[in-house]
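The block underneath contains the structure these notes are about, expressed in structure tokens.
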Amino acid sequence: MTILLPRNSPHDRFYRGGARLTAMRGGDASATHEPEDWIGSTTTVRGEATDGLSVLPDGRLLRDAVEADPVGWLGAEHVARWGADVRLLVKLLDAGQRLPVHAHPHDRFAAEHLGCAHGKAEAWYILEGGTVHIGLREDADPAHLAELVRTQDTAALLALLHQVEVSPGDVVWMPPGELHAIGEGVLLLELQQPEDLSILLEWEGFAIDGAVEGHLGLGFDLALTAVATGRREVAELLSTAPRSGSVLPAAADEYFVLERLPLSGPASIDAGFSVITVVNGHAEIAGRPLTAGDVLLVPAEAGVLEADGDGEVLVARPPRP
């Protein structure tokens with residue numbers, strides 16, 4: 001059994017976007033702040049009861065269905081190690097404006113200070129290119145960083161980061177703690193740990209009170225200790241995806257897996273819980289005809305899937321147990 005998922009966009013996010021998601025996935029064409037499609041989500045928007053959760057065709061929340069039958073959804077090996085924790089959130093993200101400079105906490109910080117099961121590592125597969133700001137160009141002094149946040153010196157914050165042009169097929173690996181900002185016009189598929197945790201270093205011009213909400217309720221003195229302050233090389237974070245197979249660096253393996261599958265005839269997709277996105281062309285997977293923008297949710301019990309077509313699909317998976 002595979003499940004064709006409709007768009008699942010949390011409302012009123014703090015940055016603009018979503019028109020290209022509407023073109024790809026349907027939805028409200030008049031919405032200006034629905035830039036994310038949370039795919040196969042068992043994760044809620046921070047502070048919300050259900051917003052962000054995927055709903056199955058039978059009306060159940062995916063979260064509840066997985067909890068009721070974790071082996072069927074996730075497989076016996078996954079459940080033996082992690083229980084009913086899916087350990088993955090996939091998003092499509094359409095940046096209608098540049099996102100603010102921000103970072104996400106790592107597992108230990110999230111557990112100790114926020115009571116969360118995960119931090120938030122993430123990786124991006126670029127669908128439509130533009131500018132991204134990723135990683136520190138030089139080591140940063142924490143006191144200076146805190147002062148830039150206090151004064152909301154956007155230009156100085158951006159100047160700390162590598163400014164890089166990305167193209168379709170590029171992959172960005174973003175470990176927890178790394179500062180980054182996605183530029184206006186970039187469209188991407190994002191894999192991340194299943195949490196909604198962001199530490200905002202800027203917020204001027206965005207629909208959010210960052211002074212109140214940007215530090216996860218911890219205060220900036222503590223929240224900024226989760227931000228990495230060491231220099232990064234662009235090559236550590238940015239790569240070009242191979243034509244087929246796994247596309248993420250080895251450092252991402254403990255968090256999630258992303259596979260690229262070009263189709264020009266029959267192929268097979270390995271068994272296991274996955275989110276499959278058709279990014280161009282057309283495909284037939286498990287007998288279901290699909291076109292670009294379609295997304296399939298696949299439980300482990302579906303087994304190996306037969307595929308055919310002329311196009312490209314991306315297969316997102318939890319980490320291998």
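The values are calculated or read from the model by the stated rules, or taken from the named source; none is laboratory data. On a predicted model such as this, the values are computed, not experimentally measured, just so you know. Cβ placement follows ideal geometry from the backbone for every residue including glycine, while neighbour counts extend to all protein chains displayed.
Here are some notes:
- Among the conditions (1) surrounded by 20 or more Cβ atoms within 10 Å (Cβ to Cβ); (2) at positive phi, the only one that Ile182 does not satisfy is (2).
- Matching residues in region 180-204 - criterion: being closer than 24 Å to Thr151 by Cβ and modelled with pLDDT of 95 or more: His180, Ala181, Ile182, Gly183, Glu184, Ser198, Ile199, Leu200, Leu201, Glu202, Trp203
- One residue alone among Ala31, Ala68, Ala23 is out of contact with any strand residue (DSSP E or B) (no Cβ under 7 Å at 6 or more places or on another chain), among the aliphatic types (A, V, I, L, M) and closer than 29 Å to Glu301 by Cβ, and that residue is Ala68.
- Inter-residue pairs, beta-carbon under 8 Å, first more than 14 Å from Arg46 (Cα to Cα) and in region 212-226, second at pLDDT 95 or above and among the aromatic types (Phe, Trp, Tyr), 6+ apart: Thr225/Phe109; Ala226/Phe109
- In region 285-307, the qualifying residues are those that are over 25 Å from Gly27 (Cβ atoms) and free of Cβ contacts under 8 Å to residues at least 60 places away in the same chain, and the one that is surrounded by the fewest Cβ atoms within 10 Å (Cβ to Cβ) is Gly287.
- Of the criteria (1) in a loop (DSSP other than H, G, I, E, B); (2) of a type in the set (Val, Ile, Thr); (3) crowded, with 19+ Cβ neighbours inside 10 Å, which one Ile208 fails: (3)
- Subset tally (residues that are within 16 Å of Leu158 (Cβ to Cβ) and not aromatic (Phe, Trp, Tyr)) for region 200-228: 7
- In region 103-124, residue surrounded by the most Cβ atoms within 10 Å (Cβ to Cβ) [restricted to those that are touching a residue at least 24 places away in the same chain (Cβ under 8 Å) and out of contact with any Asp or Glu (no Cβ under 8 Å at 6 or more places or on another chain)]: Pro105
- Residue check for Gly177: modelled with pLDDT under 95 and either part of a loop (DSSP other than H, G, I, E, B) or over 20 Å from the mean Cα position of the chain (by Cα) (or both): no
- Of the residues making up region 262-299, those that are closer than 19 Å to Ser9 by Cα and in a loop (DSSP other than H, G, I, E, B) are Ala292, Gly293, Asp294.
- Boolean, Arg108 is in contact with a Phe, Trp or Tyr (Cβ under 9 Å, 6 or more places away or on another chain) and basic (Lys, Arg): no
- Number of the condition not met by Leu248 [criteria: (1) surrounded by 14 or more Cβ atoms within 10 Å (Cβ to Cβ); (2) in a strand (DSSP E or B)]: (2)
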